[in-house]
Structures are given as C-alpha cells and as structure tokens.
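Laboratory data are not the source of any read-out in this text; all were calculated from the coordinates shown. Remember, predicted model here, so these are calculated numbers, not experimental data. Counting neighbours? That spans all protein chains shown, and the Cβs are built from the backbone with ideal geometry, glycine included.
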Amino acid sequence: MPLFNIKSDYMDELNKPVGEINFYCRQIQKKLKNLGLATIRGLLFHFPFRYEDLSQIKKIKELRPNDIATIKATVDSIRNFKSPKTHKKITEVILHDESGIIKAVWFNQWYLKDRNIINPGDEFFLVAKTNSSYELVSPEYEKVSENPTHCGRIVPIYPLTYGVSQKQVRTAIKFALPFIDFLEESLPEEIIAKNNLLGIRDAILNIHFPSSPKATKDTVPTSMEICQRARERLAFDELFLNQLKNFWLKNELKNKKSYPVIFYEKETKDLIAKLPFKLTLCQRKSSWEILQDIMEPYPMNRLLNGDVGSGKTLVAGIAMYNCALSKLQSALLAPTEILAKQHYDTFCELFPNIKIGLVTRGNKITNYELLITNKKQLSQFIAGNSDIIIGTHALIQDNIKFKNLALAVIDEQHRFGVEQRARLSSCQDGDRYPHLLSMTATPIPRTLSLIQYSDLDISLLDELPQGRKTIKTIVVGPEKRFPAYEFIKKQVDEGRQAFVICPLIDESDKLGVKSVTEEYKKLNEKVFPDINIGFLHGKLKSAEKEEVMQDFKNNKIKILVSTSVVEVGVDVPNAVIMMIEGAERFGLAQLHQFRGRVGRGEHQSYCLLFPTDAPTRRLKEMENINDGFRLAEIDLQLRGPGQIYGKEQSGKIEFRLADMNNMFLIKKAQNSAKEILAEDLKLKKHPRLREYLDTELQKIHLE
C-alpha cells in the first residue's frame, strides 16, 4: 500500500508501466524492472538513500591537484585521437571560464564528439578529481540548464542493482516527476498544518531533487533543509499510518468476546507464599496487570517484555493457574521442543493438582492418566481434557480444538508469525477469543515498542530476582585463548559445566551441522580430550536433542557445543560458563540472550566472547553493560530492528524513511493518530484513511 491514497480517476496513470513516460524510459524499462521499478508510482517512491552536494561551483584557477570539485565552463575545442603509446581512444576537450583554461579527457568515448554530445560553445557542469597536471579525467558532465539533473546541484544517490546506473535511475525519476500531479493528499489538512509538514507533492519533488525555495519572512531554507523536510513528511506518513492501524486494532478488540477469568486471590497468595523465593516488584505489578485484563469479557492483548532471567514464565503461570481454577483452559506455545518440555516440567512441579498436557512432535504426555489408546487422537484428547496445555508448532498444526481456551501465551513471540498466533486464537468453536499474552526475553527498546507494539498493552520486567549474581563478561582476544581454555577446564574440574556457542559458518549450513561438528571435534580431540563433551544442532531428531539436554542437565555432559538453540529459555543452574565463538557475528541482544543461560545457580558465572579477529568496540559494551534494555537500545542504533529481531518480528515494520530513534517524530505521529480516532473512530470523515486501513486489515486476521 502506498504511503498516501491516489485519486481514483488517476489511479491508472500511476500504475502505467515506466515505458509509457517517454522514449528514454521505454529504452531502459527492462533494467528498471530488475530494480523493482515497473510502474510510474514505483519510480516516484524509489527514494535516495543519500545525497552528494555538487552545487558548490569552483573557478578553474581555484582548483588544486586531487581536488574533487564542480566547475562550470565553456567548450573551446574537442578532438578524438589514439594514444601513440597505449593506442587507447581518447577524447580531449579544452574548456574555459573567466578565471582560466582546463583540459578534460575521456577514454573510449569518441561518441561524445561523433554524436555531437559535446560541441564548441556549449557550457557544461563537470565534476571530477583533478590530477597532478591539473586535468579532469573522465569527469561527470551535464549541459548547463536552469534545472540540472546530475551536476551543479544536490544530487540524489539511489539504491541500484546490476546493470543500472545512477544516471539512468535519476533521469527516469526526473521524467516521472510531472506525474506527481496525480497524487492527492491522504493526511487531513489539520494534521499537515499542526505538524508543519510539506504537502505530498512538494515532499516527493524535494526528496528527489531538493531546491531552495524563495525566502519566507526572515529565513531562506537551503536545499538540504528542504530535502530534510521532505524526508520528514514521508517518514511521518509511515509512522502515522502504522500507528493509526495499531490503535484501531487495539480499540477493535473491545468489541470481541472472551472468557472472563475469576481472580482467586487466596489461592494465588498461597501459591506465591510456597515459592522458595520472593517475587520482584515488577513481577507482582505485571501479574496484577495481566490478572486485571483477563477478568474482562473482551480479549487481552498484552506483551510481557522482560530481560533475560527476569521470571516471565512464573508471571504467565500465575495467570494460567487462575484460568484452571476458573475451570477454563490456557495454552503456552514455545518455539522449541526443549523449551516446551522445560515449561511442562516446571508447571507440573508448580501445579501438582492441575491437569497439564504436553503436545510436541516428539512428546505427547500428561501429568494425569490418559484414557485413550489411539495415538492419532492423542493430541486432541490432551487439548480437550487438560487445564494447561504446553506445546510447540504441533499444537496449531494438527487441527486441534480446545474446549474453552481462555488464555493463549506465546513464549518468545518473535519466533512465531502473525498467522500462527491467529491460528492458536481460533483453535476452538464459538465466537470467543482467548486472551493473548506474548512474551519475549529479547528486551525491546522503548522506541521500537512504541512503534511496533502500540496495539498491545505492555508489562515490563526490568528487575532480576534477588540473589542473582552479576555475570562477568570478558572479551577474549586470540592471544588469551589458551589461558581461557585452562580456566574452563578448572571450572569443569570443580564440578561446573559450560556452553560453547558456534555461529553458522555459511549460508549452506543453516542447521549449524558443519560449525558445531568442527568445534566439537576440535574441543574433544585437542583441547579437552579428558572431558565428556556433547553437541546440539538443527539436524538432530527431537528425541536426540532431548536426550542430550537431559544428559547436560544431569551433569553427564560437562561441555555442550551448540548452535543458537540454547538462546532461549534453557535452564541449567550448574552451567557457569558461556563461551561464544565468532562473537562478532551476533548482535548485542543475542549475545545477552546467550549470557542469560548461565548465572542461574549459586556459583559465579562467566561469559567469554571469542571474536574471530581483534575485539570490536561493540563487543566491549558487553563487558560493561549487563542491562538488556540498554544493550537493545545500542543494538537498535547500530544494526536496526531486522538484524536484532529477525524478519518475523521486525517484518511488521516496513519503514524506508522513518528513524526508530527519532522519538520526537514518533510521538507526533502517535498523537495525530490518536486525535483522528478520538474524533472519528470509524473514519467516516476521512475516507482515504479508511481505504488505507481496510487494505491493511486484509493482511491481518483477528480471527
């Protein structure tokens, strides 16, 4: 969907192939199509990613060797000849301005003279680096005009693909600019005025070819200032429309029905009192927020955003416990079988009198007697008779129907797509929707949560349980590798255990088989030959993975070599060392996730980061910062949301211009979206916004 709506009468004009603009565009339309630019609209919305300021004109006499400069000069003569030494075809042009004379040369471009592209008397802009002989070698050139395209101005630089040049894209876009007359505003006038935004046509024009307007009052904006305002307008559109959709979805949930859950205060207090530790203040606060939500007759949609080891599972468990006491079901969807089994074991211990079932590809078990022998019907039996159901993707892929699902908990929600979450929500008959609690142990920066999760209420767990020791993090350079190995051996000899994490070696090794196998062989044969070492990678069967993890938990395996499968949730209190090979290949947020797998027992724990080359400044941040939320903010600035959270989680955000760190613009867009919906919830007064919303909602199925 474009960032704005288009007059329906003119829709066809902007959807025309680029070849219909003119003969030039017709000649290069195949190349443009390879860049994804098939229509006129596509051209207009192919934005520059940076600019070069070629507007500062130098006099010829001001040039110095190795200067990169723009000059404006008149052609005196032009000739083609072959170099006597190299036999290269050379085109030589002599030019002058009022300050002096200069020579420009091109190689293998005789057509400049033969086709009369450059002629004596013509005035040109030329951009190049001068050599030691004060000559311009293969300069960019353009005939002087009032509105140049490639020289003598702020020049846009576009994303390209093989076979397409900047000149071709720039020229095609300039030819497409008259079609901005077919664009019509979608933003209400009051929002444009209140936020001091450019109109959509001015924004498109100036993001491509910024030009200084006439003076207004006491100020004369520069071309780059106008360009910045154009980018701000288009970024505002992205943010505003995103927030409009999210706030509308949030409000729409109140029209849906859900099972209201009774809060069993005494039983909940008794449960908490039996725990061997005290809940943190943020655990108590988050639990109460969730309990209040699920008491409502309409669905909750809440994100439990917590740091590693902050106790999210227990908070979710308290809500699921109240569902069971209310004779209602709850389900927890985990990203891996290892994690699902761990949750099952935890809940069986916490709630011995509650019927609990586990449904994964490798396991279908319960903590109560199974009165069924047909294995094909086992999943359905568990889903229909358990109070709490723990599962993986298998829970939503076997056409399972729940009896009365009141609460769905998605653990590590960035591992599941919107479609999978919707399927879990629809796994029961009737018109009731389960309350939805999404959990993530990848701390989400405030700016990202404001944008991506504004359709959710957010509970924050930013406090670790009492007694957790700070994990000591050390970046280990190549020269300290062997002392680090000795330190690991000492810890293992004292009865402790260690994780070793390997990055994927190449694209073909997506399951991590090669990287893990090579590291395991090295450690087992050369480094720790007397220590029992195990390994995990994506090609192992479920039963094999579970056996390895059980042996590691039982301290039979002392060192576990693995891919990022241990990134989430795995709990082995006796593991005190997290060793990460190729640490520079992981983001800070993911490294922090790995680090959180240790430090869960009574002993001091360590995270050893082994970079391939010299330690980077980014890795050094890990040594000094243990706060996952601070690291997530740094990671967002350095790498962007797609690199931190992957395509599943960040894929919702398809911004090309909006800056996640521009809190000022984010808040302006949010406030504007709220104001519009407060005055016109159904958007009857804003048909173009309603059209946008309807198109977006087709992609999202609340049911």
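General remarks:
- Calculated mean residue ellipticity at 222 nm for the chain: -11000 deg cm²/dmol, from DSSP H runs with n ≥ 4 weighted as -39500 (n - 2.57), summed, divided by the residue count and rounded to 500.
- Among beta bridges that DSSP assigns inside the chain, antiparallel share in %, nearest 5: 40 percent
- In the range 472-625 the Cα-Cα distances spread across 5 Å bins starting at 0 as 2, 10, 20, 24, 23, 15, 6, 1, 0 percent of all pairs.
- Protection proxy ranking, peptides 308-316, 249-257, average beta carbon neighbours within 10 Å, highest first: 308-316, 249-257
- With 0.36 nm allotted per residue and the present C-alpha distance subtracted, the residue 682-residue 298 stretch has 136.3 nm of extension available.
- Under the simplified labelling scheme, the residue 211-residue 116 pair shows an inter-label distance of 2.8 nm, with each label point 7 Å from Cα along Cα→Cβ.
- Residues with amide H under 5 Å from that of residue 186, placed H, sequence gap 5 or more: 5
- Rounded to 10°, Cα long-axis angle of helix 663-679 versus longest principal axis of the chain: 70 degrees
- When you count the other C-beta atoms within 10 angstrom of each residue and take the mean per peptide, 37-48, 20-31, 583-594 line up highest first as 583-594, 37-48, 20-31.
- Residue 82-residue 157 pseudo-label distance in nm [points 7 Å out on the Cα-to-Cβ vector]: 3.8 nm
- Label point distance in nm, residue 372-residue 108, each placed 7 Å from Cα along Cα→Cβ: 7.2 nm
- Here, the range 534-631 yields an orientationally averaged convex hull projection of 6.6 nm² when only Cα atoms define the hull.
- Lysines with Cα under 19 Å of residue 490, excluding same-chain neighbours fewer than 8 positions away: 472, 480, 522, 526, 556, 558
- Order by protection proxy (mean Cβ within 10 Å, highest first), peptides 107-115, 460-468: 460-468, 107-115
- For the range 56-152, diffusion coefficient by Stokes-Einstein and Kirkwood Rh (Cα), 20 °C, 1.002 mPa s, µm²/s: 158 µm²/s
- Counting every other Cβ atom within 10 Å of each residue's Cβ, 229, 656 order from fewest to most as 656, 229.
- Interatomic Cα distance distribution for the chain, bins of 20 angstrom, percent: 15, 37, 31, 14, 2
- Helix axis angle, 687-697 relative to the chain longest principal axis, alpha carbon, degrees: 50 degrees
- Compared with the alpha-carbon gap, the fully stretched path from residue 547 to residue 664 is longer by 37.0 nm at 0.36 nm per residue.
- Comparing 357, 377, 391 along the charge dipole axis of the range 346-404, the residue lying farthest to the positive side is 377, per the Cβ-charge model.
- Cα convex hull volume per residue for the range 265-461 (Å³): 116 Å³
- At full extension, residue 146 and residue 277 could sit 39.6 nm farther apart than now, given 0.36 nm per residue minus the alpha carbon distance.
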